[in-house]
Amino acid sequence: MALSRLSSRSNTFLKPAITAFPSSIRRHVSTDSSPITIETAVPFTSHLCESPSRSVETSSEEILAFFRDMARMRRMEIAADSLYKAKLIRGFCHLYDGQEALAVGMEAAITKKDAIITSYRDHCTFIGRGGKLVDAFSELMGRKTGCSHGKGGSMHFYKKDASFYGGHGIVGAQIPLGCGLAFAQKYNKDEAVTFALYGDGAANQGQLFEALNISALWDLPAILVCENNHYGMGTATWRSAKSPAYFKRGDYVPGLKVDGMDALAVKQACKFAKEHALKNGPIILEMDTYRYHGHSMSDPGSTYRTRDEISGVRQVRDPIERVRKLLLTHDIATEKELKDMEKEIRKEVDDAVAQAKESPIPDASELFTNMYVKDCGVESFGADRKELKVTLP
Amino acid sequence: MSSIIHGAGAATTTLSTFNSIDSKILVAPSRTNLSVRSQRYIVAGSDASKKKFGSGLRVRHSQKLIPNAVATKEADTSVSTGHELLLFEALQEGLEEEMDRDPHVCVMGEDVGHYGGSYKVTKGLADKFGDLRVLDTPICENAFTGMGIGAAMTGLRPVIEGMNMGFLLLAFNQISNNCGMLHYTSGGQFTIPVVIRGPGGVGRQLGAEHSQRLESYFQSIPGIQMVACSTPYNAKGLMKAAIRSENPVILFEHVLLYNLKEKIPDEDYICNLEEAEMVRPGEHITILTYSRMRYHVMQAAKTLVNKGYDPEVIDIRSLKPFDLHTIGNSVKKTHRVLIVEECMRTGGIGASLTAAINENFHDYLDAPVMCLSSQDVPTPYAGTLEEWTVVQPAQIVTAVEQLCQ
């Protein structure tokens, strides 16, 4: 008893010294890029191909960047939630919180030359591709400075210079587009790949299998990524798919099932997939992930699943918590530093929201801009009544 | 800085700059004022000057580009003699020239490659350009149209062929939501320079599903342009213009017109995508038509001329947007309009055109606009019933007589 009291007293005596000691000799962690190897918690399951190794090469810089990016995305989605409830964002708003590991993990494995195309749950993918927070919020609020000049909305974020092709409202329609992007990359001999993301709901669309057939036939560098968050709006996967093993659905196309809440596993899988696609043609990646919000802001998200399930996943599998634990156990950062980082990010997001709120709404003349591209000049007034005359170049 | 002659309707300033730069060109445009465009002549003669036009289009050969609306009436004997060919060969020639000119142009469709195309429009192209540029797709219209659009987002210029326009209904989501809308919803970031083409219309007893007249379904899609070709001359010209255009263009061909023969110029030329063609100038009544109905109208016109009427026949060619300038000038002259089309009666091109003319030129009309369209029925198989589905010359003659009373 006395011994323990002694030891505990000595511990309290020593503790400040221990915490003070490492921070004074430890340099700022973000410049540390020495390699660390981390094992993924869940093994990969593969279909018609070899699984990549479970040991992921990374660095403390990278893991910290994961944390920062994911925290930013999470804050952005939460801010979008409150903006929607304040009626500043209208229409449909599909939030990505819970699935951030996918966006950051993928970015870590690829370059800006590789193309990404996704569905309507595109806010975080846009940010991952280098989009600015203020552009995203302006677009959500329908302002002129938004990434699509206010004409697209939540479901139509695009960033051409970063090869981010959107942002599509119709479920599954982006998959043939993605295979078309892969075709163009093969045509132009770009040595780049296309990631076409879709959800478990879209996995039952016919056009997926049509596009997969063509991609496999023509050896296109297309990687089809199924973001399996287990619910297609209100329908669980066991109610919508006879075979919920989405990575096997490609039949003759190899597939890989990945723990989508683990950013490092996602990175490993995407790297593996890119190498595979450049050599052997298409591959399907199934990312096992989860969304905390409902399908969209109009969906409470609790009529088809229990609150316990949601909080359970949040406690056990949350991607940001996982990275935080990694950072703490590997001594890359302290609790306090991470909390400060989160505070900084919160401020960054709030500033972006404030700036976006100030931006102007598009003027009426914008209604007819970007309908057609005027190249050879038009001198007729027809169905597009506003265009009376356009002069020759 | 040179510029294209924009039909003969180009401002006279453009013509004068053109003339001042190159004195060797034989230019014989009509000098009528812009309000009445009834005659146009072929601008002839090629020379060695290089022209630069538009933002990204460059003529690689040292040939002059001749956009022209009217095929014939060569008053100038110094015009170089053309060559005679069938309409599908004209389409093929246009396609081949564009593929030679720009390596980004590719063709995708069912049986376009090794088979040569079900209507021989792409014959020989696979041997010349290889399998990556002339792509045989499996039968999945939705997917390969989507792929064409996705490829176009990166800068390729696919020409997507629907074996029959009716099959493109399967790709309607891609055409409407992605092809038409991406330029707008991305705030101008992406252009979709695709050409979607294929034969449509009522053929020879092909059955209901293969004889669809679908221009009406596509006309409301914002962001696309629609053109319909009717002669080998405008088929080649429109094909080339459509490929060069930065906008998505749907080119409607007609199954029964593929074997029309005509002499077309040897030079490089395009037809303006938004312009209508004056087929036969006249005084009494304006007949607006397109595609196969043009020939029924011309046949009726012979009868009408014998009966003493003087119809003005305009092939509208551009189904979206309408060339209301040409049409308007004609209405102002004749004050009577008859629309003859093969499209469906309900919600068809004729219906839209009637509305447009009434809205814009109501004061100039002496009689209500009459529209003869095909019947709102699925095309029957029996020959006689099929004949009654579409507009026949006799009906056109009756309608003109009725309007001109």
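The values are calculated or read from the model by the stated rules, or taken from the named source; none is laboratory data. Please read these numbers as outputs of a predicted model, since none were measured by experiment. No Cβ is skipped: glycine too gets one built from the backbone with ideal geometry, and neighbour counts run over all protein chains shown. Heads up: the accessible areas ignore ligands, DNA and RNA and are worked out on the full protein's heavy atoms, side chains in. Shrake-Rupley method; radii C 1.70, N 1.55, O 1.52, S 1.80 Å.
Taking the stated definitions as given, is A:Val171 modelled with pLDDT of 95 or more and more than 16 Å from B:Tyr184 (Cα to Cα)?
When the stated conditions are applied, A:Val171 does not pass them.
Does B:Val121 count as closer than 19 Å to B:Lys261 by Cβ and assigned to a loop (DSSP other than H, G, I, E, B)? In short, yes. Among the criteria (1) within 14 Å of chain B (Cβ to nearest Cβ); (2) aliphatic (A, V, I, L, M); (3) open to solvent by less than 20 Å² (accessible area, probe 1.4 Å), the one A:Met155 does not fulfil is (3). When B:Pro368, B:Pro378, B:Pro311 are checked against the criterion of being surrounded by fewer than 19 Cβ atoms within 10 Å (Cβ to Cβ), away from chain A (no Cβ under 14 Å), at pLDDT 90 or above and over 30 Å from B:Gln205 (Cβ atoms), a single residue qualifies: B:Pro368.
Collect the residues in segment A:273-300 that are among the small types (Gly, Ala, Ser), without any contact (Cβ under 8 Å) to a residue 40 or more places away in the chain and part of a helix (DSSP H, G or I), keeping them in residue-number order.
If the condition is that a residue be among the small types (Gly, Ala, Ser), without any contact (Cβ under 8 Å) to a residue 40 or more places away in the chain and part of a helix (DSSP H, G or I), then no residue fits.
What residue, among those in segment B:150-166 that are facing another protein chain (nearest Cβ under 10 Å) and under 22 Å from the mean Cα position of the chain (by Cα), is surrounded by the most Cβ atoms within 10 Å (Cβ to Cβ)?
So, considering only residues that are facing another protein chain (nearest Cβ under 10 Å) and under 22 Å from the mean Cα position of the chain (by Cα), the one surrounded by the most Cβ atoms within 10 Å (Cβ to Cβ) is B:Pro158.
Screening the candidates B:Leu238, B:Leu169 for the property of being open to solvent by less than 10 Å² (accessible area, probe 1.4 Å) and part of a helix (DSSP H, G or I) yields one hit, B:Leu238.
For first residues located in segment B:124-145 and at the interface with chain A (Cβ under 7 Å from one of its Cβ atoms), partners that are aromatic (Phe, Trp, Tyr) and lie 6+ apart or on another chain with Cβ distances below 7 Å form the pairs B:Leu132/A:Tyr187; B:Thr137/B:Phe144. Look at segment B:165-177: where a residue is basic (Lys, Arg), no partner that is open to solvent by 40 Å² or more (accessible area, probe 1.4 Å) sits 6+ places away or on another chain with Cβ atoms under 6 Å. Residues that are surrounded by fewer than 20 Cβ atoms within 10 Å (Cβ to Cβ), polar (S, T, N, Q), touching a strand residue (DSSP E or B) at 6+ places or on another chain (Cβ under 8 Å) and not in a strand (DSSP E or B) within segment A:32-85 comprise A:Ser33, A:Ser34, A:Ser51, listed in sequence order.
A single member of A:Phe164, A:Phe137, A:Phe183 is open to solvent by less than 20 Å² (accessible area, probe 1.4 Å), assigned by the TED database to the domain that holds A:Asp262 and under 17 Å from A:His94 (Cα atoms), and it is A:Phe137. Answer yes or no as to whether A:Gly130 is small (Gly, Ala, Ser) and open to solvent by less than 40 Å² (accessible area, probe 1.4 Å). So A:Gly130 fails the test.
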